[in-house]
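S.K.: Dropping the structure in here first, questions after.
The values are calculated or read from the model by the stated rules, or taken from the named source; none is laboratory data. Values in this document were obtained by computation on a predicted structure and should not be read as measured data. Cβ: placed from backbone, ideal geometry, glycine included. Neighbour counts: every protein chain shown. To get the accessible areas, we keep the full protein, side chains included, count just its heavy atoms, and leave off ligands, DNA and RNA. Shrake-Rupley method; radii C 1.70, N 1.55, O 1.52, S 1.80 Å.
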Amino acid sequence: MVYNKRVDIIREKLKHLPENPGVYVMQDGAGQVIYVGKAKNLKNRVRQYFQASVKTDKVMAMVSNVKDFYYIIAPTEIDALSLENNLIKKYKPRYNILLKDDKTYPYLKIDLKENFPTFTITRKIKKDGAKYFGPFMGGVSVRDVLEIINLAFGVRPCTKKLTKPIKECLNFHIKKCIAPCTGKVHHDEYMSKVNRAIDFLSGDMSFAENLLKEKMNFASQKEEFELALKFRDKLFSLEKIKQKRITSLNKFLNADIFGYKTNDIYSTISLLIVRSGRMLGAKNFSFSYYGQSDSDFLREFILRYYKNGVEIPDEIISSIDVTESDILEKYFKQNFNKSVSILAVKQGIRKQLCDMAEANALEHLQTATNKIEHKNDMTINACKSLMQKLNLKNYPKRMECYDISNISGVDKVGSMVVFIDGEKDLDSYRRFKIKTVEGADDYKSHQEMMRRRLIRLKTDSEKFPKPDLIIIDGGKGQLSSIKQVFDEFKIKDIDLIALAEREEEIFVLDSSLPIILEKRDYCLQMLQRIRDEAHRFAINYHRTLRGKRALSSVLDSVKGLGKVKRQLLLKEFKDLSGIISATKEQLMSVKGIGEKQAQLIIDVLTKEELR
């Protein structure tokens, strides 16, 4: 009877759908968002789901779970695309493509706004005005490339700020740096070296190759054989990079090539990365198949893959037409100021690359099926099973686990980690510094943390959405203490359990006896993963605070070293170990620290037996 009423509600809503562009949001019986889609015409698109036309089993399974929907009208299709992307980020619906943080490959970064800029290795691209080169993958070592830059062009390998002239270091004597730190190198001369290195990273290998050969021969003639061998090894590395060049491609081409395959149960995408006309490597992605057309699937994948606007190439290539590719191009231009061409190719070298990507996708599909099934058993299926075994009110889509860490009541901290559908959601992790509890009182610390968390349900539900299940690291005592906080806030629609580590006992509110699951049970293994992650996150935060307190305590004893100078030291050397390993000259490079104070810092650290 209830279901029929819901069917009537949906039918009535379908009658009044507008013909505008916009976004539609599908919900299940518990009000959970299970799918978010974009439509050029909301009326036509949403009605298709509920018509009697032929649909795949997966689409029918999704539609059978839809108990309600709502829509948001957007001014344009590009606005609808942006809104769809934001809602998928927010709700993480299980029937949308959800890309977890993939293995990150290293890049080389240089900020040309610096006086004497240098190349550094990073795994994160930021919109900070710096230049990034990479990713380095497929057997090419980013450290080898960086050493080629240092050896061939003399660009300094260190990152210290050059505020006043200092004596050259070992890198100058082993020919890895022209030593701008001495003040004897003109800025224009140094920048010419940097620009040569940028040309090298952009695809011009000839100058670096000839220079390394000259240096190798010169070192050999001077009987500096160890140095000559180093130059020879870098020439071998350079040859490995050159072999990745695709001779038929423009050497300035930056492109991502997508190959897609499905067996109507699972789907895979293989992404080939071409930068400066070189094949750098490939990434493979696997998904459950939900019946989208190939064109729709690729559109959604591309939108999710480039969701942060980084690493967008000049060309996105596939052998399949991407749905509304022109809208996607305008979306990237409007939101990320990036001009990109989305091409469906049928012939030529780009088609050969597409064939290669599709062959990779097919091979990955054949080998990944068992892994995908195992992953589903460990995550989504474990969540469904947990709901039944613990008699939970909600499907535990968003699980939050809490832990406390301290030593004898000092530097008390708490951690909140979040799993979505059984997988880590690192962006949602939060840390708490316990403020009101005296001594090592685990119960009160948990209560303070939970009060601060539950307040956010009303004040900041965007960053702190309501969880379906809260897990406490502890036993019945910890569970009871959190239940008191739940009662204070009149929380009745969030499930609450505790997991005791010693015997892996699960405590629930409606039973005085613990629930024991078999050690091989995927539900228990999932709970252990989230509990261990909360424990790790809390301990790391506690160690960070303890290290900062120790550093502050040590530096406080250095005469004349005030708050501003301590902050400058930390900014320059990052942490205590960085300050400990710094030379007197490096300490003196920090603004306001002269020779006497640098020596005093060294003496204090030595006295404290920290050096």
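S.K.: Based on what the data block shows, is Glu114 in contact with a helix residue (DSSP H, G or I) (Cβ under 8 Å, 6 or more places away or on another chain) and either part of a loop (DSSP other than H, G, I, E, B) or of a type in the set (Asp, Glu) (or both)?
M.R.: Judged against the criteria, Glu114 is not a match.
S.K.: So, one more: Give the residues of segment 185-207 that are open to solvent by less than 70 Å² (accessible area, probe 1.4 Å) and of a type in the set (D, E, K, R), sorted by residue number.
M.R.: Answer for segment 185-207, where residues must be open to solvent by less than 70 Å² (accessible area, probe 1.4 Å) and of a type in the set (D, E, K, R): Lys193, Asp204.
S.K.: Further, regarding this structure: Give the number of residues within segment 129-140 that are at pLDDT 80 or above, part of a loop (DSSP other than H, G, I, E, B) and on the phi < 0 side of the Ramachandran plot.
M.R.: 3
S.K.: For Arg123, indicate whether it is farther than 30 Å from Gln292 by Cβ, of a type outside the set (A, V, I, L, M, F, W, C) and touching a Ser or Thr at 6+ places or on another chain (Cβ under 6 Å).
M.R.: On the way: farther than 30 Å from Gln292 by Cβ: yes; of a type outside the set (A, V, I, L, M, F, W, C): yes; touching a Ser or Thr at 6+ places or on another chain (Cβ under 6 Å): yes.
Here the answer is yes, as Arg123 does meet what is asked.
S.K.: Being of a type outside the set (D, E, K, R), open to solvent by 40 Å² or more (accessible area, probe 1.4 Å), in contact (Cβ under 8 Å) with a residue 40 or more places away in the chain and touching a strand residue (DSSP E or B) at 6+ places or on another chain (Cβ under 6 Å) is true for just one of Ile125, Ile174. Which residue is that?
M.R.: After applying the criteria, what remains is Ile125.
S.K.: If you take the residues of segment 148-168 that are open to solvent by 60 Å² or more (accessible area, probe 1.4 Å) and either in a helix (DSSP H, G or I) or not hydroxyl-bearing (Ser, Thr, Tyr) (or both), which of them is farthest from Val590 (Cα to Cα)?
M.R.: Lys167
S.K.: While we're on this one: Scan Asn210, Asn115 and give me the residue that is under 30 Å from Phe336 (Cα atoms), open to solvent by 30 Å² or more (accessible area, probe 1.4 Å) and more than 27 Å from the chain's Cα centre (by Cα).
M.R.: Asn115 is the lone residue from the list that is under 30 Å from Phe336 (Cα atoms), open to solvent by 30 Å² or more (accessible area, probe 1.4 Å) and more than 27 Å from the chain's Cα centre (by Cα).
S.K.: Another one. Can you confirm whether segment 522-530 contains a residue that is buried (at least 19 other Cβ atoms within 10 Å of the Cβ), over 29 Å from the mean Cα position of the chain (by Cα) and at pLDDT 85 or above?
M.R.: Looking through segment 522-530, none of the residues is buried (at least 19 other Cβ atoms within 10 Å of the Cβ), over 29 Å from the mean Cα position of the chain (by Cα) and at pLDDT 85 or above.
S.K.: Follow-up. Can you tell me which residues in segment 455-483 are basic (Lys, Arg), over 21 Å from Asp532 (Cα atoms) and without any contact (Cβ under 8 Å) to a residue 60 or more places away in the chain?
M.R.: Arg456, Lys458, Lys463, Lys483 - these are the residues of segment 455-483 that are basic (Lys, Arg), over 21 Å from Asp532 (Cα atoms) and without any contact (Cβ under 8 Å) to a residue 60 or more places away in the chain.
S.K.: Looking only at segment 329-342, filter to residues that are under 15 Å from Phe301 (Cα atoms) and over 23 Å from the mean Cα position of the chain (by Cα); which one of those is most open to solvent (accessible area, probe 1.4 Å)?
M.R.: So, considering only residues that are under 15 Å from Phe301 (Cα atoms) and over 23 Å from the mean Cα position of the chain (by Cα), the one most open to solvent (accessible area, probe 1.4 Å) is Glu329.
S.K.: Please indicate, with yes or no, whether at least one residue in segment 348-366 is open to solvent by 20 Å² or more (accessible area, probe 1.4 Å), under 24 Å from the mean Cα position of the chain (by Cα) and among the charged types (D, E, K, R).
M.R.: The answer is no; no qualifying residue exists.
S.K.: Cβ-Cβ below 9 Å, separation at least six or inter-chain, first residue in segment 500-511 and in a loop (DSSP other than H, G, I, E, B), second surrounded by fewer than 13 Cβ atoms within 10 Å (Cβ to Cβ): which pairs?
M.R.: Glu503/Ile516; Glu504/Ile516; Glu504/Lys519; Asp510/Asn391
S.K.: Could you look through segment 460-517, keep only residues that are of a type outside the set (Gly, Ala, Ser) and on the phi > 0 side of the Ramachandran plot, and pick out the one that is least open to solvent (accessible area, probe 1.4 Å)?
M.R.: Going through the qualifying residues, I end up with Glu504.
S.K.: Condition first: closer than 27 Å to Ala52 by Cβ, without any contact (Cβ under 8 Å) to a residue 40 or more places away in the chain, open to solvent by 40 Å² or more (accessible area, probe 1.4 Å) and part of a helix (DSSP H, G or I). Can you find one or more residues in segment 64-72 that meet it?
M.R.: yes
S.K.: Taking segment 502-523, which residues are more than 17 Å from Met399 (Cβ to Cβ) and touching an Asp or Glu at 6+ places or on another chain (Cβ under 7 Å)? Full working, then the answer.
M.R.: Filtering segment 502-523 down to residues more than 17 Å from Met399 (Cβ to Cβ) leaves 502-503, 505, 510-514, 516, 518-520.
Answer for segment 502-523, where residues must be more than 17 Å from Met399 (Cβ to Cβ) and touching an Asp or Glu at 6+ places or on another chain (Cβ under 7 Å): Pro514, Ile516.
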